[in-house]
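What follows draws every value from the coordinates through simple rules; no lab data is involved. Values in this document were obtained by computation on a predicted structure and should not be read as measured data. All Cβ positions, glycine included, derive from the backbone under ideal geometry; neighbour counts span all protein chains shown.
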Protein chains: 4
Amino acid sequence: MAVQMIVLNGGSSSGKSGIARCLQAILPEPWLTLGVDSMIEAMPVALRSSGAGIEFAADGGITVGPEFMALDAAWIAGVAAMARAGARVIVDEVFLGGAASQERWLKALGGLDVVWVGVRCEGAVAAARETARGDRVAGMAMSQAEVVHQGVRYDLEVDTAKAEALECAHVIARFLAGGRR
Amino acid sequence: MAVQMIVLNGGSSSGKSGIARCLQAILPEPWLTLGVDSMIEAMPVALRSSGAGIEFAADGGITVGPEFMALDAAWIAGVAAMARAGARVIVDEVFLGGAASQERWLKALGGLDVVWVGVRCEGAVAAARETARGDRVAGMAMSQAEVVHQGVRYDLEVDTAKAEALECAHVIARFLAGGRR
Amino acid sequence: MAVQMIVLNGGSSSGKSGIARCLQAILPEPWLTLGVDSMIEAMPVALRSSGAGIEFAADGGITVGPEFMALDAAWIAGVAAMARAGARVIVDEVFLGGAASQERWLKALGGLDVVWVGVRCEGAVAAARETARGDRVAGMAMSQAEVVHQGVRYDLEVDTAKAEALECAHVIARFLAGGRR
Amino acid sequence: MAVQMIVLNGGSSSGKSGIARCLQAILPEPWLTLGVDSMIEAMPVALRSSGAGIEFAADGGITVGPEFMALDAAWIAGVAAMARAGARVIVDEVFLGGAASQERWLKALGGLDVVWVGVRCEGAVAAARETARGDRVAGMAMSQAEVVHQGVRYDLEVDTAKAEALECAHVIARFLAGGRR
């Protein structure tokens, strides 16, 4: 059975989006990329900075409220439905809750063939890239670097501090081509 | 029964996205906005300029290929699933196929309470706004202004050449508040 | 003598940038557009939210500090030099200090043939457009709508609440073609 | 005498902008960053894809026409004037003409204390990053990687294939602090 979904999980500025774009460029079939950034962009502006939605503190911390969680659950259900309807989907995610976040996705993805990829990047390197980007709240990279992987189980892991995004994408593509289990 | 989805259909530069943002700002509950732009952004870069995906001709014409249509069908199914899972969704769409495009959505949205809104804007005005934006292929606004509405049935229509986006949003919000049938 | 610079002054969300893009599209010669947004983008990220640089308060108010003023003076001198070196330049500005801001520009532009254009837009309309854009701090449009014009002298004025950006651009283009004095 | 300008020269996707943002973050004084991207953004949309302006070919090649060259000369004069007026300026440039491009800048910068930095990045690595970005014409990175450095003289060189942007910025910052010659 062909893989229907690739979930990339990693902290802010760990390089997930770059890997996703490379996967889209090198995989033979068309893949959609959706992620937490797409969802935040779909949300009302007001929810992006409120206790009910998602708050980005000055120190890089993130808090999500009840309305965010409700929309997030519906979002996950919708992304799963896209895959069931035949779209190949790369999910670009930040499991702020570690294993609990993965559990939310696992429940929604029943029956789909999913490859789980951990996107590692040492906190100091991710923080340096956060500075180079200049478009993220400083501190997010460092504070998320480890916590998003706690208790999460992966089919494979890549490390963007040690390899370019394109190389990481090739590792994932070979894993897919080789049959996953 | 509360409205679960608002579909805004109109040509390029007719002002749909502005209305969507205003609706998100004035409606009491949080609404997600998703649309053809979100989907194109989720697609591989290569599909955005190929015969298999979507091509934007120099004169503003658009051609979509078989791979685009397949992803689009899965996309629609996913957006419908988000609404069924409890998210309120504003769909920001361009029915290039007129009634046939609406039919594709209608089939996917069975059982959902949807308000269909025609976003009108005279071709000349939309073309002028296209020039003022500077980020769209010139000619799209004029060529889509009428064709996207052919045979499409609406619950209500607004005209951004005659009213600001926020006023149009208030018209839609009052329609929702008044009970739609 | 041909006009070398067009200064568009108006509050946030009054439609200056749209007029500038339309002018670039309809004027026979190539014009550069530079403005306060270009300058803020050129600044360090840290200066964009500090008392020494520029602060955007939650209510739409703006405060600029000494380092911002120093960079701004050098910026104005540079833009004037571009025009003296032969580039036609559209300046897209917000005279937060009204007449005093114009005075800063006037001193730097000695010897250049400049057309000063007031871009009016009733506060309520600008505020509605600010909501439709969704990418500006709410309140800026209303708080700047009148104050930026206080004591400023113009060669002509346009009103984007009454005419599309492209029409306003045509009014300005005809003024240029007609000879300005 | 304190350094007034830092010129970063390198091919597309070599990492100049990331270094510039890091420099702005770590240098004690505020620095403006301006570059070829700022200038292209200031140009009329029509000039960005015409023989008179700048053309990006499908293979990553770039051609610039007479109107582009005229605006570019005025742009350089203006950036020099900003530095003379007291702004510290980081220039983020692509010397498509190698030594000849540097010569154009040298003539305009007479009397200013400038640090010239070569930003190296092996073509294959830059091309991989171009794929990961997804927002540049494919092929530019590879075709520019070597040619932009031909005959150009530098005060120091950094290599983003071997060090993170932030590390490169620290190398440059130490050079500035140490006195430049």
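From the helices alone, meaning DSSP H stretches of at least four residues, give me the mean residue ellipticity at 222 nm for chain C, per-run term -39500 (n - 2.57), in deg cm²/dmol to the nearest 500.
Details: 7 runs with 76 residues, N = 181.
For chain C, the value works out to -12500 deg cm²/dmol.
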Given H placed on each backbone N at 1.01 Å, which residues far from B:Ala161 in sequence or on other chains put an amide H within less than 5 Å of it?
B:Glu122
For A:Ile90, other-chain or 5+-apart residues with amide H closer than 5 Å (H placed, Pro excluded) are A:Ile6, A:Leu32, A:Thr33, A:Leu34
Here the equivalent ellipsoid of the range C:1-46, derived from its Cα gyration tensor, has semi-axes (largest first, whole Å) of 23, 13, 10
List, in order, the whole-Hz ³J(HN,Hα) value for each residue of the range A:17-22 obtained from phi through the Karplus relation with A = 6.51, B = -1.76, C = 1.60 and θ = phi - 60°; use x for Gly and Pro.
5, x, 5, 4, 5, 5
Kirkwood Rh over alpha-carbon pairs of the range C:36-111 plugged into Stokes-Einstein at 4 °C, 1.567 mPa s gives a D in µm²/s of 97
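Where the convex hull is taken over the Cα atoms of the range A:44-158, what is its projected area averaged over directions, in nm²?
Values: hull surface 31.5 nm².
Dividing the Cα hull surface by four gives the mean projection, 7.9 nm².
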For residues of A:33-45, the mean tally of beta carbons on other chains within 10 Å
5
Whole-Hz ³J(HN,Hα) for each residue in the range C:101-108, computed from phi via Karplus 6.51 cos²θ - 1.76 cosθ + 1.60 with θ = phi - 60°, x for glycine and proline: what do you get?
5, 4, 4, 4, 5, 4, 4, 7
Provide the three semi-axes, in whole Å and in decreasing order, of the ellipsoid equivalent to the protein assembly as shown as defined by the square roots of 5 times the Cα gyration tensor eigenvalues.
40, 34, 24
Across the identical copies, how the D:Gln150 labels are spaced - nm, sorted shortest first, 7 Å along Cα→Cβ:
5.3, 5.6, 5.9
Eligible lysines near A:Lys107 by straight Cα distance, threshold 29 Å, same-chain separation 8 or greater:
A:Lys16, B:Lys107
Sorting from shortest, the nanometre distances separating the label point of A:Ile26 (7 Å past Cα along the line to Cβ) from those of the same residue in the other copies are 3.0, 5.0, 5.0
Please state, as a whole number in µm²/s, the translational diffusion coefficient that the Stokes-Einstein equation yields for the range A:94-145 at 4 °C and 1.567 mPa s, with Rh defined as the Kirkwood radius across alpha carbon pairs.
101
The equivalent-ellipsoid semi-axes of the range D:131-181, taken as the square roots of five times the Cα gyration tensor eigenvalues and listed largest first in whole Å, are 26, 16, 7
Mind listing the phi-derived Karplus ³J(HN,Hα) values for the range C:55-62, rounded to whole Hz, using 6.51, -1.76 and 1.60 with θ = phi - 60°, and x for any glycine or proline?
10, 9, 6, 4, 8, x, x, 10
If you take every DSSP beta bridge whose two residues both sit in chain C, what share of them, in percent to the nearest 5, is antiparallel?
15
For C:Ile40, place a label point 7 Å out from Cα along the Cα→Cβ vector, do the same in each other copy, and report the separations in nm, one decimal, smallest first.
1.9, 2.4, 2.7
Spacing of the two label points (7 Å from each Cα toward its C-beta) at B:Ala46 and C:Ser49, in nm:
3.9
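Based on the Cβ-Cβ distance from B:Ala124 to B:Ala173, what FRET efficiency comes out when R0 is 25 Å, to the nearest 0.05? Working shown, then result.
Details: r = 28 Å, r/R0 = 1.14.
Taking R0 as 25 Å, the efficiency between B:Ala124 and B:Ala173 is 0.30.
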Reachable aspartates and glutamates from A:Lys162, criterion Cα separation under 19 angstrom, eight or more residues apart if same chain
A:Glu122, A:Glu130, A:Glu146, D:Glu122, D:Glu130, D:Asp159, D:Glu164, D:Glu167
Pop a pseudo-label 7 angstrom from the Cα along the beta-carbon direction at both C:Glu157 and C:Lys107 and give the gap in nm to one decimal.
2.6
